[in-house]
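The values are calculated or read from the model by the stated rules, or taken from the named source; none is laboratory data. Source: prediction; values computed, not measured. Cβ coordinates were reconstructed from backbone atoms using ideal geometry, including for glycine residues, and neighbour counts include every protein chain displayed. Just so you know, the surface numbers come from the protein's heavy atoms only, side chains and all, with ligands and any DNA or RNA stripped out. Shrake-Rupley method; radii C 1.70, N 1.55, O 1.52, S 1.80 Å.
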Amino acid sequence: MSSSLASRSSSPRSSAPLHLAVALDGAGWHPAAWREAVARPRDLFTAGYWADLVAEAERGLLDFVTIEDSLGFQSSHLLEPDGRTDQVRGRLDAVLIAARVAPLTRNIGLVPTVVATHTEPFHISKAIATLDYVSAGRAGLRVQVTRRPNEAAHFGRRTFPRFDLGELHSPPVRELTADLLDEAADYVEVVRRLWDSWEDDAEIRDVATGRFIDRDKLHYIDFEGKHFSVKGPSITPRPPQGQPLVSALAHEEATGAPFRLVARSTDVGYVTPQDIGQARAVVAAVRAEQDAAGRAEEPLHLFGDLVVFLDDTPAAAEGRRDRLDALAGNAYTSDARIFTGTPAQLADLLLELREAGLSGFRLRPAVLGHDLPAITRGLVPELQRRGSFRNSYETDTLRGLLGLARPTNRYAATA
Amino acid sequence: MSKPLKQIHLAAHFPGVNNTTVWSAPEAGSHIEFSSFAHFARTAERAKFDFLFLAEGLRLREQGGRIYDLDVVGRPDTFTVLTALAAVTEHLGLTGTINSTFNEPYEVARQFASLDHLSGGRAAWNVVTSWDAFTGQNFRRGGFLPQEERYTRAKEFLATAHELFDSWRGDEVIADQETGAFLRDAKAGAFVHQGDQFDISGQFNVPRSPQGRPVIFQAGASDEGREFAASSADAIFSRYSKLEEGQAFYQDVKGRLARYGRRHDQLLILPAATFVLGDTDAEARELAHEVRSQQVSGATALKYLEHVWNRDLSAYDPDGPLPDVDPVPGENTIALGRASVRQFRDPLAVAKEWRERAEAKNLSIRELVIETTTRQSFIGSPATVAETINEFVQADASDGFILVPHITPGGLDVFADTVVPLLQERGVFRTEYEGTTLRDHLGLDHPDAEAPAGRASS
């Protein structure tokens, strides 16, 4: 069951360059971000806004961007709408934002959020496979679940109980969460099988026999699970990367269910440690789940998630955070650690946290218009000076950037 | 000149999963790589077409218990390709078929509203229903809707989607950085829909898109389909037919609009059409014959016959006479996932008619299938084809055409380069886009959220 960290192919050596992703959401992660002069709140629902953000991230040679999504309004409340009109509300479909941006970029990975709870794995499998085609091998997804009753009511197929924040750790809520995460694991399993349901050389165009495909190289996936069953094969041929990147965010929880989803199903897991001690514990917990799932030898990146306020001086960053908090009416809190300081200080922190076994970081810019350029033009050069970040894109697929091989097809006959 | 010339609407259907597409031709390219879609879309936009059209399939077709392998197999996701195409075009409308049986209104409305935002107002939705439990095996909800209920669901699905689109008036996002008001109204997007098919409520989370709602297409020529289109659609994607039949269909459907308080120009009739062009009419006819023989191989002809006979005919010689056995009556179990199977409601009568025709004309299986299935709408020199299309439109047999080339992705190029300029010279087709949205190209009104016209009731 045990395996040393050093033996893992994805474990970072202290000299290995870091991987960096940035999480795109509205005008930024601080709820008052849209009030900043650099924000473009009237452009949030335009293609140009998203194209500019991803172009900036690509100029910074980042591995990928994630794009947040949800099937209901954003809310300051964990479980229900808050009825506020002073913050960004409303968003476009994340997969389609990624598709719109794909032809305009060349190297950066595109990882939209996908909600497993209310959508169809068959539709999402072909959508992400197609994103992989339109981006020539740069697609991924971030799988997410929702237990919000109001979002369930948008679909009308299932209902979830309302509960208070105080009940968050009660057995019924834990059971619901674990069930949704297990459903998400099934969802990812279906998506992955569908990606493999065509062998790479299934299209033969054999004029002599009149056959367009060799149908022996197409496979029914025959998935039967608790919440759904899917026959297959996909309507879309196997995508360029074979398996686009699968990722998920996992918080520590007594049931272990979030870590289990990351360990069983993903290529990249985002975790939220507050310090290096927690980072070590989280990495150990996920690796233990990985061993338990029989995936010990498979590469699995663990990225630390951090909200960042970056300025030339620590005081400036603090001052900006205070100003935004005042605009929002309350101090910003997050599930992830909130970093406030200079790019050099952030570089110090990332390199320290890396020692815990994190191979990269997903940074959540507090204000996209300000903190994204601070990452690409401040943090990235700082990490480059320290030999800890790439100086140019070494490959043009997302798996390639992350050092992940193109997987063999599970259905291909082994000779 | 009593009447001004009608302006022709033209669209292009990306060739795909059907035996129209000649994949074996040396010039045939990928049907899946984005470069093919980008080439096709750029050609359509260069020719000032109204829109590009993408069909959809949700399960691979099967015949005799095995995946059908003689036509193009496989296609990308409709929404994802259309949205990516918005990045490589500026004006072209982006129309996709999306099924109402294996989707949910909230999600589809989000996707179309997102596509409309991300394309600057160029989205259109061809609303279809799925026909069998076979497709349902790929989805959570499975396949259990009886035929009549599928239609009920489609109507309520579209009505519900309209309620979601209309849940934003369009002035809610104020994003005033000074006052700190992002939304004018906390209830933006609020909706409640209670119906037989959908009982949903909440808040739609995509603000009103440039077109308000996507342009709505409806396919299908049944009486119920015509009524649905007259009440709720902006355009009908019909089948090409002879001039008089086209005129009759046109008159019938347009005649139904008044009872929904709609004008003649609020519903466009756009048949699908194929074309074969040559330097001369004779050369085009020769080329058309060649294309037909590529579209219908001996194996394809036998497989097609199995749709009617509902039994394995692989032992028959495609160059020989029609089978002497009778079709197997009842539900077609040999061909699954094909819409065309439904058109043979009385296989015994079809078989009898085909036998008589084959005997009278001394046709082999393959010759008969070529004669009965291939519909090459426009064959001739560019001048002939331009003239025919124009006659068809001026005579009110259609408002234009959705062209389906038989070569991927370059099959539209020759049409764009030769026929379009002739239509432009005649003054019946635009030389520049006059507006930016698909509604502008089609001459359709922008929907008014407060007084929606012609909505299907739920």
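Which whole number gives the average, over all residues in B:111-124, of C-beta atoms from other chains lying within 10 Å of the residue C-beta?
Mean partner-chain Cβ count within 10 Å for B:111-124: 4.
How would you classify the range A:135-188 from its alpha-carbon gyration tensor, with a ≥ b ≥ c the square roots of the eigenvalues: rounded for a/c under 1.5, else prolate if a/b is greater than b/c, otherwise oblate? Verdict is prolate for the range A:135-188. Estimated from helical segments only, the mean residue ellipticity of chain B at 222 nm is -10500 deg cm²/dmol, where each DSSP H run of four or more residues counts as -39500 (n - 2.57). For the range B:58-176, the per residue solvent-accessible surface stands at 23 Å², with DNA, RNA and ligands left out and a 1.4 Å probe. The convex hull of the Cα atoms of the range A:346-415, projected and averaged over all directions, covers 7.4 nm². Stokes-Einstein diffusion for the range A:34-102, with the hydrodynamic radius set to the Kirkwood value over Cα pairs and evaluated at 10 °C in a medium of 1.306 mPa s, equals 116 µm²/s.
By the rule of a C-alpha distance below 15 Å, with chain neighbours fewer than 8 residues away ignored, the aspartates and glutamates paired with B:K361 are B:D319, B:E353, B:E371. Computed from phi, the 3J(HN,Hα) profile of the range A:320-325 under the Karplus parametrisation 6.51, -1.76, 1.60 (θ = phi - 60°) reads 5, 4, 4, 4, 5, 4 Hz, with x in place of Gly and Pro.
Averaged over its residues, the range B:297-372 has an accessible area of 53 Å² per residue, based on protein heavy atoms and a 1.4 Å probe.
I'd like the mean, over residues of B:348-361, of how many other protein chain beta carbons sit within 10 Å of each residue's own Cβ. Mean shielding count: 0. Of the GluC sites (Glu not before Pro) found in the range A:154-197, not one falls in a DSSP loop while having at most 12 other beta-carbon atoms within 10 Å.
Charging the Cβ of each Asp and Glu at -1 and of each Lys and Arg at +1, and nothing else, the dipole of the protein assembly as shown about its Cα centre rounds to 540 debye. Mind checking which of A:T130, B:L268, A:V111 is farthest towards the positive end of the protein assembly as shown's charge dipole, using Cβ charges of +1 (Lys, Arg) and -1 (Asp, Glu) about the Cα centre? The listed residue farthest towards the positive side: A:V111. Here is the link list: A:K126/B:K254; A:K226/B:K303; B:K6/B:K155; A:K126/B:K155. Which ones come out longer than 29 Å on Cα distance? From the list (A:K126/B:K254; A:K226/B:K303; B:K6/B:K155; A:K126/B:K155), the Cα-Cα distance tops 29 Å for A:K126/B:K254; A:K226/B:K303; B:K6/B:K155. Normalised by the number of residues in chain B, the average gap of Cα pairs under 8 Å and 6 or more apart makes the relative contact order 25 percent. Each of B:F415, B:V206, A:W34 was placed along the dipole of the protein assembly as shown (beta-carbon charges, centred on the mean Cα), and the one lying farthest toward the positive end is A:W34. Apolar share of the accessible surface for the protein assembly as shown: 49 percent from carbon plus sulfur atoms, 1.4 Å probe. Taking amide H as placed 1.01 Å from N in the peptide plane, B:A335 has its amide H under 5 Å from the amide H of B:G64, each at least 5 places away in sequence or on another chain. Using all pairs of distinct alpha-carbon atoms, the Kirkwood hydrodynamic radius of the range B:3-108 works out to 15.6 angstrom.
Counting every C-alpha pair in the range A:64-115, the share spaced more than 15 angstrom apart comes to 54%.
What size of dipole, in debye to the nearest 20, comes out for the range B:247-296 about its Cα centre when the only charges are +1 on Lys and Arg C-beta atoms and -1 on Asp and Glu C-beta atoms?
700 debye
About its Cα centre, the range B:297-372 has a charge dipole of approximately 280 debye under the convention of +1 per Lys or Arg Cβ and -1 per Asp or Glu Cβ, with nothing else charged.
Kindly give the semi-axes, whole Å and largest first, of the ellipsoid equivalent to chain A, taking each as the square root of 5 times a Cα gyration tensor eigenvalue.
Equivalent ellipsoid of chain A: 33, 25, 23 Å, largest first.
Excluding ligands, DNA and RNA, the accessible surface per residue across the range B:386-450 is 36 Å² with a 1.4 Å probe.
Return a whole-number percent for the relative contact order of the range B:218-296, with Cα pairs under 8 Å and 6 or more residues apart as the contact set.
Here the relative contact order equals 28 percent.
Of B:F34, B:P76, A:G400, which is farthest towards the positive pole of the protein assembly as shown's charge dipole, taken about the Cα centre with +1 and -1 on the beta-carbons of Lys, Arg and Asp, Glu respectively? About the Cα centre, the residue reaching furthest to the positive side is A:G400. Translational diffusion of the range B:297-372 was estimated from the Stokes-Einstein equation, with Rh taken as the Kirkwood radius over Cα pairs; at 20 °C and 1.002 mPa s the coefficient is 174 µm²/s. Of the GluC sites (Glu not before Pro) found in the range B:109-204, those in coil by DSSP whose Cβ has at most 16 other Cβ atoms within 10 Å are B:E178. Remark on the range B:53-133: hydrodynamic radius 14.0 angstrom, per the Kirkwood mean of 1/r across alpha carbon pairs. Computed over the Cα atoms of chain B, pair by distinct pair, the Kirkwood hydrodynamic radius stands at 23.5 angstrom.
For the range A:229-276, a reduction of at least 50 Å² in accessible area between the chain on its own and the assembled protein chains (probe 1.4 Å) is found at A:K231, A:I235. With Cα atoms defining each centre, the range B:164-190 and the range B:89-128 are spaced 22 Å apart in the structure.
Of the Cα atoms belonging to the protein assembly as shown, the radius of gyration and Dmax stand at 28.3, 94 Å.
Contact order for the range B:297-372, expressed relative to its length and based on alpha carbon pairs under 8 Å spaced 6+ residues apart, stands at 40 percent.
Looking at the range A:292-366, the GluC sites (Glu not before Pro) that sit in a DSSP loop and have at most 15 other Cβ atoms within 10 Å of their own Cβ are A:E297, A:E355. Ignoring everything except DSSP H segments at least 4 long, calculate the 222 nm mean residue ellipticity for chain A; use -39,500 (n - 2.57) per segment, divide by total residues, nearest 500. Here the helix-only value at 222 nm equals -10000 deg cm²/dmol. Only protein heavy atoms count here, probed at 1.4 Å, and on that basis chains A and B bury about 6500 Å² of accessible area in total. Of all DSSP bridge pairs formed entirely within chain A, close to 10 percent run antiparallel.
Note on B:195-208: average number of Cβ atoms from other chains within 10 Å of each residue's Cβ is 5. Shape class of the range B:93-190 from the Cα gyration tensor (axes a ≥ b ≥ c, square roots of the eigenvalues): prolate, since a/c reaches 1.5 or more and a/b is larger than b/c.
Of chain B, which part is the longest with no trypsin sites (Lys or Arg not before Pro) in a loop (DSSP not H, G, I, E, B) and with at most 10 other C-beta atoms within 10 angstrom?
Formally, the longest exposed-site-free interval is B:1-241.
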